[in-house]
Amino acid sequence: MRCSCINCIVPPHILLRLVESDKKELRQIAMRTLLTTTRLRGQRSVRASLTLSNMGAAQRTVFDCRNSTNLSAARVARTEEGPASSDAAINRVFDGLGATRDFYKEVYKRDSIDGRGMRLNGFVHYDREYNNAFWDGSEMVFGDGDGMLFSDFTGSLDVIGHELTHGVTETSAGLVYHRQSGALNESVSDVFGSLVKQWSLNQSAEDADWLIGADIFTPAIAGDALRSLKNPGSAYDNDIFGKDPQPDHMSRYDDLPDTEEGDFGGVHINSGIPNKAFYLVATEIGGYAWEAPGQIWYESLRASSPTTDFRGFAELTFMMADRLYGTGSREQQAVASAWQEVGVRIAPVVARMETPPRARRGNGQTQREEDSLAALSRQVAALAEQVSALSREVNGAKSRRVSARN
């Protein structure tokens, strides 16, 4: 069910656009970045199998690739025990890994990315003029950018938070990187990448910029960021990259091919829909977005299955808001309203369901109730998928009958 994809911060539609540039240098850099990424996909499944052995009390290590693509030859540049580096990129990654680790630990009581103290390894100065940063299942890797369009990819904390959150998703829900579950995978990384930055800056939902990658564009680029959770489709609009294609409503969902060129069904594009939903919830509730909104999203992620789609996740967030804050609470109303505004319908049967009450006695009972809720949530997600599949089958049959009559 899972593809051998590395999770990159720069979506392929931007790099493919650069391949068509009038400038030879930009075309060559974009092509080299795409080719390197494709080659890495063949290695990811092998590297991801090493994750379980990558344990170590969530300690950080940063390596310097020295412009090579051979990670095994990278030298250790900074560790928990060692001093700061004279290289600013190394220090930024070290600090970013720590900020993300501390965010999950302090806010959601999660012990590192996998919940079991996984070591956090970062690799800087990967390749030459490499226009991307990625999580490969075991570690984070950063390119230096080409200096014309993209600057150093270590310069954006939300990018670091985004990529490490792919590891959180991978070791919890395991959302399959295709179509809606894949777009949800990307959206979760955008949401928590933004929350890492907001938490580090002590920003309220109202004060945050809700942008991903605002610090990796060079001054020459007329654009705010790679993506905007506040207003999907508005992050950039220029002759080089074109216009941000993200939709903010299901009526504009882009049903792209489930291929590498189609970004596995548009996972980086359609993520704008759940991104907008989270932004609406956060600003409706107000205050710090990592609190009630983030808690609802985090617990819903933990209760998700690999094939959870937008509707399934929306229903999980509705139920989690009930469990955590009460039936008809402001938080639950905000969740329902947000999904409705982006065109994702919560099934009436779910809206009427009563979730298990919050535990009042003992940790053992708390765990049993959490397990019970998670099982119920997975059943609802599976039921929603079955209903969607049946609907597609019925619509297909109708289309065939119409074609036959014509």
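Just so it is clear, none of the values below were taken in a lab; they were calculated from the coordinates. Model, not experiment: these values are computed from the prediction. Please note: Cβ atoms are built from the backbone with ideal geometry, for glycine as well, and neighbour counts cover all protein chains shown.
Using r as the Cβ-Cβ distance of T79 and M148, and R0 as 25 Å, what FRET efficiency do you calculate, to the nearest 0.05?
After rounding, the FRET efficiency stands at 0.15.
How far apart, in nanometres, would the label points at L201 and R128 be if each is projected 7 angstrom from Cα along the Cα-to-Cβ direction?
So the label points at L201 and R128 sit 3.5 nm apart.
Beta carbons within 10 angstrom, averaged per residue: use that to sort the peptides 335-346, 139-150, highest first. Present the calculation step by step, with values, prior to reporting the outcome.
On the way: 335-346: 19.7, 139-150: 23.4.
In descending order of packing, they fall as 139-150, 335-346.
What are the lysines whose alpha-carbon lies under 30 Å from the alpha-carbon of K23, with same-chain residues fewer than 8 places away excluded?
Partners found: K243.
What is the sum of charges around A334, taking Lys and Arg as +1, Asp and Glu as -1, for the other residues whose C-beta is under 13 Å from the C-beta of A334?
The answer is -4.
Extending each Cα 7 Å along its Cβ direction at Q28 and E106, get the distance between those two points in nm, one decimal.
Between Q28 and E106, the label points sit 4.6 nm apart.
Enumerate the amide H contacts of D258 below 5 Å, restricted to partners 5 or more residues apart or on another chain; note that Pro and chain-start residues carry no placed amide H.
Here G265 satisfy the definition.
What GluC sites (Glu not before Pro) in region 188-297 are in a loop by DSSP, with at most 13 other Cβ atoms within 10 Å of the Cβ? Don't skip to the end; give the middle numbers.
Numbers: sites: E206, E260, E261, E284, E291; in loops: E206, E260, E261, E291.
Those that pass, being in a loop and sparsely packed, are E206, E261.
Using a cut-off of 24 Å between alpha-carbon atoms, which lysines can reach K197, once sequence neighbours fewer than 8 places away in the same chain are excluded?
K105, K109, K230, K276
Could you check the simple spin-label distance between R17 and S86, using points 7 Å along Cα→Cβ, in nm with one decimal?
It works out to 4.0 nm between the two label points.
Determine the shape class of region 163-299: with a ≥ b ≥ c the square roots of the Cα gyration tensor eigenvalues, call it rounded for a/c under 1.5, and otherwise prolate if a/b is greater than b/c, oblate otherwise.
oblate
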